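A short reminder: the numbers here are calculations on the coordinates, not readings from a lab. Predicted, not measured: the structure shown is a model, and the values here were computed from it. Reconstructed Cβ throughout: ideal geometry from the backbone, glycine too, with neighbour counts over all protein chains shown.
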Amino acid sequence: NLSKHHVVYLNAKTADEYFNIHNYIKTNRPLLHKMFGMHPKNSVFLLDEAQAADQKVIDGLEALWNQGSLKSIVIAQIKPHLTNCPDSFIDRLGKRTIHLDKLNLVRVHDMIKLRTNGKHPFSDDAIEVMAQRANFIPRKVLENCEVVAVELGDKARIEKTDAKFVLDRKEMEELEVG
């Protein structure tokens, strides 16, 4: 649906203290726009991991939006509320927010099949374990799949006991660190 728009994507976790949103947008313009010093119309900014965005990123986005340089800003984050955004920014969003529900087991299977082009090593029981441990939250399900697949990369088929073993060990390591 965004084919007629210029899309700029930023994972907020990658923005360090030297990050400049204006320079980032400039360097992510289409080549012809760079050559002629033009700014694209219909720019859509996708801010992923928005909970990790510092105030400088949020303020920069708000300024670009107020100037009309951005047609739309799409914010994705795991927290239910935008805690690091000023009230003026939140007020402009209004009720235009979408809260995604947790997946059911069928949708988890569909998501994994889609993300792997149907070529994954997980048994149905292993997928169920990874989904349950992720509380059926899409991002966490995919993180569990990645952890299990990387740990057991040499296995042609990953079963329920394999997934449980890897995820139990991951939880223990997190408890020791935290």
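For the stretch 1-154, with only Lys/Arg (+1) and Asp/Glu (-1) charged at the beta-carbon, what is the dipole magnitude about the Cα centre, in debye rounded to 20?
820 debye
Placing +1 on the Cβ of each Lys and Arg and -1 on the Cβ of each Asp and Glu in the chain, which of HIS6, VAL150, LEU105 has its Cα farthest towards the positive end of the resulting dipole?
Final value for the positive-end residue is HIS6.
Cα extents of the chain along the three principal axes, largest first, in whole Å?
56, 35, 32
On a full-extension model of 0.36 nm per residue, what is the gain between SER88 and GLN132, subtracting their alpha-carbon distance, rounded to one decimal in nm?
12.0 nm
Which lysines, if any, have their Cα less than 26 Å from the Cα of LYS170, not counting same-chain residues under 8 positions apart?
Within reach: LYS13, LYS79, LYS102, LYS113, LYS119, LYS140, LYS155, LYS160.
Work out the FRET efficiency for TYR9 and ASN117 from their Cβ-Cβ distance, taking R0 = 22 Å, and round it to the nearest 0.05. Don't skip to the end; give the middle numbers.
Details: r = 22 Å, r/R0 = 1.00.
Calculated value: 0.50.
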